[in-house]
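The block underneath contains the structure these notes are about, expressed in structure tokens.
The values are calculated or read from the model by the stated rules, or taken from the named source; none is laboratory data. What you are looking at is a predicted structure, and each value in this text was computed from that prediction instead of being measured. Note that each Cβ is placed from the backbone with ideal geometry, even for glycine, and that neighbours are counted across all protein chains shown. Surface areas here come from the heavy atoms of the whole protein model, side chains and all, with no ligands, DNA or RNA. Shrake-Rupley method; radii C 1.70, N 1.55, O 1.52, S 1.80 Å.
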Amino acid sequence: MEQNDEIGIKIYNPNNPQEDSSQYPSSPQQMPAPPPETGRKRRAVAKGVQKTLSKTSMLVNFLPTGTLLTFEMLLPSVSGDGNCSPVKTLMINVLMGLCAISCFFFHFTDSFKGPDGKVYYGFVTPRGLAVFKPDIGVEIPKDERYKVGFSDFVHALMSVMVFVAIAFSDHRVTDCLFRGHVKEMDEVMESFPLMVGIICSGLFLVFPNTRYGIGCMAS
């Protein structure tokens with residue numbers, strides 16, 4: 001009888017769940033639930049990106065390839081967590097300025113295919129095409145289409161307008177650049193991208209693009 005008293009047998013008691021649950025600290029029921037603010041923030045960011053893409057999907061065709069992709073890739077690191085400090089606002093302005101310059105600059109580039117099968121790019125000037133790489137060993141064409149014209153400036157300005165419309169459709173940009181006017185900017189951006197798209201579509205019909213420059217495809 002004394003030996004049986006020394007054997008420890010733990011009897012499960014359903015009326016005492018706290019004692020039993022302490023034996024399993026890693027139970028899934030005790031895992032802390034994620035804060036609701038994180039889920040709401042992620043849904044808000046996803047909704048904003050989807051709204052921006054839906055508004056500006058038709059405008060992407062007017063931009064040089066890679067400009068919008070570069071802007072969307074660098075914007076999260078520039079804007080950060082959404083707190084618009086003077087430094088972040090300055091960085092957003094610099095990023096938008098560089099992308100706008102690239103949109104303007106690439107519309108003054110063109111290319112030709114040499115006898116060796118390679119494609120050579122250059123900058124269109126009033127005198128003709130000035131290739132980026134000197135002494136290429138290939139004769140540069142002297143056609144009139146390689147000279148800068150009025151349509152090149154029209155395409156460059158339209159490209160900058162399209163980029164600004166797309167950039168301002170992102171709430172991360174407008175919230176920093178136009179603080180205190182969020183509601184007004186939301187109302188403006190409801191119709192501004194559509195207006196820019198219609199205007200640029202009409203101008204591209206009047207001034208068709210014949211360049212095969214860097215990131216620019218002929219219509």
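Assessment of the stretch 142-152 against the conditions (closer than 30 Å to Asn83 by Cβ and of a type outside the set (Val, Ile, Thr)) yields no matching residue. Quick check: anything in the stretch 137-149 part of a helix (DSSP H, G or I) and surrounded by 14 or more Cβ atoms within 10 Å (Cβ to Cβ)? Yes, the stretch 137-149 contains at least one residue that is part of a helix (DSSP H, G or I) and surrounded by 14 or more Cβ atoms within 10 Å (Cβ to Cβ). Scanning the stretch 185-202 for residues that are under 19 Å from Asp152 (Cβ atoms) and surrounded by fewer than 17 Cβ atoms within 10 Å (Cβ to Cβ) turns up Ile199, Ser201, Gly202. Out of Ser151, Ser111, one residue alone is closer than 21 Å to Gly197 by Cβ and in contact (Cβ under 8 Å) with a residue 12 or more places away in the chain. It is Ser151. What residue, among those in the stretch 170-184 that are in a helix (DSSP H, G or I) and touching a Leu at 6+ places or on another chain (Cβ under 9 Å), is most open to solvent (accessible area, probe 1.4 Å)? By that ranking, first place goes to Arg172. So, of the residues in the stretch 77-121 that are of a type outside the set (Val, Ile, Thr) and assigned to a strand (DSSP E or B), which turns out to be least open to solvent (accessible area, probe 1.4 Å)? Ranking the candidates gives Asp110 first. Does Val124 qualify as being of a type in the set (Val, Ile, Thr) and either touching a strand residue (DSSP E or B) at 6+ places or on another chain (Cβ under 9 Å) or surrounded by fewer than 18 Cβ atoms within 10 Å (Cβ to Cβ) (or both)? The answer is yes for Val124. Using the structure shown, decide if Ser191 is over 19 Å from Leu63 (Cα atoms) and of a type outside the set (A, V, I, L, M). Considered against the rule, which asks whether it is over 19 Å from Leu63 (Cα atoms) and of a type outside the set (A, V, I, L, M), Ser191 comes out as yes.
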